[in-house]
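The values are calculated or read from the model by the stated rules, or taken from the named source; none is laboratory data. For clarity, every value in this text was computed on a predicted model and none was experimentally measured. Cβ coordinates were reconstructed from backbone atoms using ideal geometry, including for glycine residues, and neighbour counts include every protein chain displayed.
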Amino acid sequence: MKKTLKAIAFLLAILAVINGNAQHIIRYEMDNNNAENLKVLFVDTLNNEVKDSFYLHERNPYWNLPYDTIETGNYSVKTYKFNNIDSLTKDEIPGLIAYGPGNVSRYPGWADASHGAFLSTNGQFIVTINRLILYVYSENDFVDHASKVVTYMADGKIYNSYYPEDMYVDYVDITDDGNYYLLRGWAQSVNALDGILNIWKIIDIRSNQEVLAEISSNDSLRGLYGLVYGNYILFMQGSVNERDKFGPIIGGYMRCFDVANNLVFSTQVDPKSTSFSMFKRITSEGVHLKSLQGKNEPDQVLRFDRDFTKQPIR
């Protein structure tokens, strides 16, 4: 009898957690024309009420810097003009990555501040990204920058917050379990042909360790797309296999990281399937893509047990 009661109590506890998570969800209101209209809402779906909310610019550390602003007519960013300022440091701009000596941004000209947010597939996490691009007058014409990533749970509490130490973040997403980030961005380098390193990273939030870092200044990251679906992280990319007289020949390549089970699945695919628009969903069966035969045809399914090779992530 005691064992039965314990089992029932255990099941009720699980159901309470599931229902509690299901009761709260995050909604994101977008406006591509005005950055001050981007809003995050934490909703109690059972009672159909908003428990908390905020506009992204209210929590952007780069949105109210104490410098002159410029009216540009572009309301998706805020532009600053640095008058009579010779240098800036991390004390003045949090998270600043500067290419001057001692992490000092020398001879700043102007800067653009922006922000955005990305929801997890299950609506239980939202990742906000705050950014500043700083245009610098220097002999190397380097562009300094800063980014701050903040993640919120469905109850409105902050889940994780950090400043990336080596890259400007354009995009960030999170797995449904809240354990992994997918980041896309860039950094400057005097060793890169065009001065820019393109960067993709998978980060284990729990240990702050990199699971994957793709860094390139050439064609090896050409045509690379990344996305998070549930607890899967998918990369679809063109890989340079060979060259002809017209340039690189691109073949389709796909990698799917099953982070919950520490597995990565890899396969060569039809290059037409590597388009971001072809993706539909990921299940335990495999990766579902739109049919190449037409929109009314069944999904094209790349099966994990048949179409991929697999190996441990680490």
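Can you pull out the strands (runs of 3 or more DSSP E) entirely within the stretch 170-261 that have at least 1 residues that are at pLDDT below 80 and among the polar types (S, T, N, Q)?
On the way: elements: 180-188, 196-204, 209-216, 225-229, 232-244, 247-258.
Here the list reads 232-244.
Would you tally the residues in the stretch 74-114 being within 26 Å of Leu38 (Cα to Cα) and at pLDDT below 90?
Residues in the stretch 74-114 being within 26 Å of Leu38 (Cα to Cα) and at pLDDT below 90: 0 in total.
Would you check if there is a residue in the stretch 59-76 being assigned by TED's automatic domain parsing to the domain that holds Tyr152, touching an Asp or Glu at 6+ places or on another chain (Cβ under 7 Å) and surrounded by 15 or more Cβ atoms within 10 Å (Cβ to Cβ)?
No - not one qualifying residue is present in the stretch 59-76.
Looking only at the stretch 101-141, count how many residues are part of a loop (DSSP other than H, G, I, E, B) and surrounded by 19 or more Cβ atoms within 10 Å (Cβ to Cβ).
Looking only at that region, the number is 2.
Can you name every residue in the stretch 137-183 that is without any contact (Cβ under 8 Å) to a residue 24 or more places away in the chain and among the small types (Gly, Ala, Ser)?
Ser161 - this is the single residue of the stretch 137-183 that is without any contact (Cβ under 8 Å) to a residue 24 or more places away in the chain and among the small types (Gly, Ala, Ser).
Counting only residues that are in contact with a Pro (Cβ under 7 Å, 6 or more places away or on another chain), give me the strands (runs of 3 or more DSSP E) lying completely in the stretch 38-87 with at least 1 of them.
Numbers: elements: 39-44, 49-55, 68-70, 78-81.
Passing ranges: none, list empty.
I'm told Tyr159 meets every condition in (1) hydroxyl-bearing (Ser, Thr, Tyr); (2) in a strand (DSSP E or B); (3) surrounded by 19 or more Cβ atoms within 10 Å (Cβ to Cβ) except one. Can you identify the failing condition by its number?
Condition not satisfied by Tyr159: (3).
Filter the stretch 142-156 for residues that are hydrophobic (A, V, I, L, M, F, W, C) and in a strand (DSSP E or B); which is modelled with the lowest pLDDT?
Of everything passing the filter in the stretch 142-156, Val143 is modelled with the lowest pLDDT.
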